[in-house]
Amino acid sequence: MNDPQGYRIEPFEPTELAPAQLREAALFQQALQHERVVEDPLMAPEAIEARMRATSPGQWRAFFGARDQSGAIVGYSVVGWEKNEPGNQHMRWCEVAVAQAHRRRGLGRSLLRRAVQAVADQREDILFISQFSDRIPAAEKFARAIAATPGLEMKMNQLDLASVDRTKVSEWTRITPAGYRLVNVDGPVPDELIRASIESASGMNDAPRGDLRMDDWELTEEQIRDQEAWRLQTGIERWLILALHEASGTGAGFTIVTYDPRVPHLIWQQGTAVVEAHRGHQLGLWMKAAMLKRILEERTQARFIRTGNANANAQMLAINTQLGFEPAWSAALWQLTLADARKAVGLVRAGVTS
């Protein structure tokens, strides 16, 4: 398979780009993000640049950029994984993006081919994972064309903070189940709370996985510190609430939100989970209400909270609906085996892979 005529694809590393090149790449990403969520204000290029440059010791990644005959950026691909995660070492997160005017010319496959070549010698059971939204119909068409399959159907749910019933939120913050307390962590997780953080995170393994070929997720202190280092470089601020079981001191649950001051209208609700042994006490609602109350009081510039939820995650969807979240768009995690990826991009010829 040859690259489409009139295009040039080259590897690049964001940390090594000159400022003008980095800004060019950031503006391209800005345009793609605006296509996905046209109702949002344009993301500050400085925020995009910081995220592109940010790295952590446990992260491996490879970037490829496509330019047309005029030299303009028209597409990119990126592939990577977290080397420090004990499980799921077969998974490679992959993104392929092409400017709208340059789609359906084979450029997406050429960019995917570079990503496949970058990891093909790492192991034979590699599984590429990508997230596509129904806001970009071409994305699903591309996924099906390369033989990817949907692994987990999701909804992107959104809470309009102006519509929140503050009285109800205050009531929910007073649930206070007997034998539990909440702890707020804004900066690095203190050493004395590392164990509780890891215990609380284990509740995520009960979340629906659909057909994703995914093992249990294991959080380690090394990963926590890597994530903190990455956020420090990006300027993204994280608020964590831990629910602690007072008698044992163990972690019973958690909820996390992130916020970038350069993207002031938006807060991302990240994971929320309650460990199985501590369910049935409304800990999930209690934690999320406590977080929401703080957001309303302190993140006064924010307009929306967004979060992705598996369609099958009835319990979390019920809590979010109770808080006022509504569906904004649909999305899915798609998966593609290394063998199918090689076929899709022409790296299999007469029984030989390359």
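The values are calculated or read from the model by the stated rules, or taken from the named source; none is laboratory data. Predicted, not measured: the structure shown is a model, and the values here were computed from it. So basically every Cβ, Gly included, is an ideal-geometry build from the backbone, and we count neighbours across all protein chains shown. Each accessible area value is taken on the protein alone, full model and side chains, heavy atoms only, with ligands, DNA and RNA left out. Shrake-Rupley method; radii C 1.70, N 1.55, O 1.52, S 1.80 Å.
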Handout entry: Distance (nanometres) between label positions extended 7 Å along Cα→Cβ at Gln69 and Glu16
Key = 3.0
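Find the Rg to Rh ratio for the chain, where Rh is the Kirkwood radius over alpha-carbon pairs and Rg uses the same atoms.
0.98
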Practice task
Output the DSSP H helices from the chain with an along-axis C-alpha extent of no less than 15 Å and a mean Kyte-Doolittle hydropathy no less than 0.0.
Solution key: 107-119, 283-298
Handout entry: Rg over Rh, two decimals, region 148-191 (C-alpha only, Kirkwood Rh)
Key = 1.15
Exercise for the section: Please identify the longest segment of the chain free of exposed GluC sites (Glu not before Pro), where exposed means a DSSP state other than H, G, I, E or B and no more than 13 other Cβ atoms within 10 Å. Expected result: 125-245
Handout entry: Hull shadow area, averaged, region 290-354 [alpha-carbon convex hull, nm²]
Key = 7.8
Fill in the blank from the handout: region 64-136 and region 169-233 have their Cα centres apart by a whole-number Å value of 29
Practice task
Please work out the average accessible area per residue across the chain, using the 1.4 Å probe convention, and give it in Å².
Solution key: 48
Handout entry: Sites matching trypsin sites (Lys or Arg not before Pro) across region 251-320 that sit in DSSP coil, with at most 16 neighbouring C-beta atoms within 10 Å
Key = Arg262, Arg279, Arg303
Handout entry: Radius of gyration and maximum dimension Dmax of region 137-274, Cα, Å
Key = 17.9, 55
Practice task
For region 216-354, just list the percent of Cα-Cα distances falling in each 10 Å bin from zero outward, please.
Solution key: 9, 30, 31, 16, 9, 4, 0
Practice task
Compute the distance in nm between two label points, each set 7 Å from the Cα along the Cα-to-Cβ direction, one at Thr250 and one at Arg135.
Solution key: 4.0
Exercise for the section: Please go through region 168-261 and write out the trypsin sites (Lys or Arg not before Pro) that DSSP classes as loop and that have at most 13 other C-beta atoms within 10 Å. Expected result: Arg174
Exercise for the section: Using R₀ = 45 Å, calculate the FRET efficiency as 1/(1 + (r/R₀)^6) where r is the Cβ-Cβ separation of Ala31 and Ile175; round to 0.05. Expected result: 0.55
Practice task
Rounded to the nearest 500, what is the 222 nm mean residue ellipticity of the chain from helices alone, with -39500 (n - 2.57) per DSSP H run of 4+ residues and division by all residues?
Solution key: -9500 deg cm²/dmol
Practice task
Whole Å is fine, so just give me how far the alpha carbon centre of region 283-306 lies from that of region 1-23.
Solution key: 40
Handout entry: Distance histogram for region 4-59 (every C-alpha pair counted, 5 angstrom bins, percent rounded to whole numbers)
Key = 4, 17, 22, 20, 18, 13, 6, 1
Problem - Equivalent ellipsoid semi-axes, region 64-114, via Cα gyration tensor eigenvalues times 5, rooted, Å - result: 28, 10, 7
